[in-house]
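Following this message is one structure expressed as structure tokens.
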Amino acid sequence: MTDVEKRNQNYNDYVKDVTPKASCFVHCIKAFIMGGIICVIGQALMMLFMNGGISKDNAALWTTISLVGISVILTGFGIYPLITTWGGAGSLVPITGFANGVASPAIEFKKEGQVFGIGARIFQIGGPVILYGIFTAWIVGIIYLIGKAFGWL
């Protein structure tokens, strides 16, 4: 074995030793719990709005706005990243995760200015979500249109 191969092997062994061992099962349970907590908060807000006399449709709208606002505020105070560290995908998948993904770059690149900082980087994480969401909706719409034309739907 050459010196380079030994060095590479030593490095690989070192990386294997210091890399934390991740348990997929534990991460799934944490994500499930975190997503559930966010959903329970959303349901509580919805019930609160409906009990306040708001219609179900408007209560759903206000619930969404409230969850996004709470997520952005928690991101601004540096709390949402801590929640995400523990809850993983459970905190990233709901709309709160999308709000965090838009607010985080805005906060991080604020010092670079309104145009080249916030304006250029705000959709750094959210952009692909929007792009592929619109693209998927377009594909599903085409399939639906074809299905309607041929009487399949």
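Just so it is clear, none of the values below were taken in a lab; they were calculated from the coordinates. Note that the structure is predicted; figures quoted are calculated from it, not measured. Backbone-built Cβ (ideal geometry, glycine too); neighbour counts: all protein chains shown.
If you plug each phi of the stretch 72-89 into the Karplus form 6.51 cos²θ - 1.76 cosθ + 1.60 with θ = phi - 60°, what whole-Hz ³J(HN,Hα) values come out, in order, with x for Gly and Pro?
5, 5, 5, 5, x, 8, x, 8, 4, x, 5, 4, 5, 4, 7, x, x, 4
Nearest 500 deg cm²/dmol is fine: what mean residue ellipticity at 222 nm does the chain get from its DSSP H runs of n ≥ 4 alone, each adding -39,500 (n - 2.57), divided by its residue count?
The per-residue figure over the chain is -25000 deg cm²/dmol.
Alpha carbon centre of the stretch 81-153 versus the stretch 29-63: separation in Å?
If we compute the Cα centre of each part, the gap is 21 Å.
Quick one: among Ile125, Ile139, Ile33, which has the greatest mean-square fluctuation in a GNM of the chain with alpha-carbon springs under 10 angstrom?
For the chain, modelled as a Gaussian network with Cα springs under 10 Å, the answer is Ile139.
Ok, one more. Taking the stretch 1-137, how much of its Cα-Cα pair set, in percent, is spaced more than 26 angstrom apart?
Cα-Cα pairs in the stretch 1-137 separated by more than 26 Å: 45 percent.
Using a 10 angstrom cutoff on alpha carbons, build the Gaussian network for the chain and name the most mobile of Val129, Val140, Val40.
With Cα springs under 10 Å in the chain, the top fluctuation among Val129, Val140, Val40 is at Val140.
Something else: Starting from the stretch 1-99, pick out the chymotrypsin sites (Phe, Trp or Tyr not before Pro) whose DSSP state is loop and whose Cβ has at most 15 other Cβ atoms within 10 Å.
Here the chymotrypsin sites (Phe, Trp or Tyr not before Pro) that fit, given the DSSP loop and packing criteria, are Phe77.
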